[in-house]
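To start, the structure itself, in structure tokens.
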Amino acid sequence: MSSNADIYHEMIVDYSRHPSNFGKIENPTIQYHDSNPLCGDSIDIFMNVENDSVSDIKFHGRGCAICMACTSVLTEIVKGKSIEDARKIQKNDVLGELGLENLQAVRIKCALLSLKVLKYGLYSYLASKDANADALKQEASSLY
Ligand SMILES: [Zn+2]
């Protein structure tokens, strides 16, 4: 019988080999890039917005297994969500999917890079039209 830890480990390996929503979107509504130099993770997130919802999301780049798995999970969570719901996504929404809630501090950047990119990306989109957008920027910069 395999433990939860084994199952989560298998999910992470699987996502790193076959990431979800991997690729690029031409002329996306939102594009944002960031990297985690300590590990070498570097990702771009592309989103199309239609009727205040994320109609499509893809990511491109390279990263360790944890980064690729968390970015895959994040894109699955975000796809189809309204901007309002997407901006409310918290770190444990992503970490919990892969059993990573108690990840060591050195790896947390790998796990949360994509959430940071998402929040900064949404901020860059909302900054001009939403008076509350600054809260999003604040959240993104305090993730890790
Ligand atoms: Zn990493």
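The values are calculated or read from the model by the stated rules, or taken from the named source; none is laboratory data. Source: prediction; values computed, not measured. A quick note on method: Cβ atoms are made from the backbone with ideal geometry, for glycine too, and the neighbour counts reach across all protein chains shown.
Looking at GLY80, GLY23 in this structure, which one is on the phi > 0 side of the Ramachandran plot, of a type outside the set (A, V, I, L, M, F, W, C) and surrounded by 13 or more Cβ atoms within 10 Å (Cβ to Cβ)? Answer to the selection: GLY80. The set of residues in the range 104-138 that are away from the ligand (no atom under 16 Å from the Cβ) and either surrounded by fewer than 16 Cβ atoms within 10 Å (Cβ to Cβ) or charged (D, E, K, R) (or both) comprises LYS119, SER124, ALA127, SER128, LYS129, ASP130, ALA131, ASN132, ASP134, ALA135, LYS137, GLN138.
Can you name every residue in the range 1-22 that is part of a loop (DSSP other than H, G, I, E, B) and either within 17 Å of LEU118 (Cα to Cα) or within 14 Å of the chain's Cα centre (by Cα) (or both)?
Listed by number, the residues that qualify are PRO19, SER20, ASN21.
If you go through the range 88-103 and keep only what is part of a helix (DSSP H, G or I), away from the ligand (no atom under 16 Å from the Cβ) and surrounded by 12 or more Cβ atoms within 10 Å (Cβ to Cβ), you end up with ASP93, GLY96, GLU97.
Selection of first residues in the range 29-40 that are closer than 20 Å to VAL106 by Cα and of second residues that are more than 8 Å from the ligand (Cβ to nearest atom) and β-branched (Val, Ile, Thr), restricted to Cβ pairs under 8 Å at least 6 apart or on distinct chains, gives the following pairs, ordered by first then second residue: ASP34/ILE43; ASP34/VAL117; SER35/ILE43; LEU38/VAL106. Residues in the range 23-78 that are closer than 25 Å to ALA127 by Cβ, part of a helix (DSSP H, G or I) and away from the ligand (no atom under 16 Å from the Cβ): THR75, ILE77, VAL78. The number of residues in the range 9-22 being farther than 18 Å from THR75 by Cα and either at pLDDT below 95 or within 16 Å of the ligand (Cβ to nearest atom) (or both) comes to 1.
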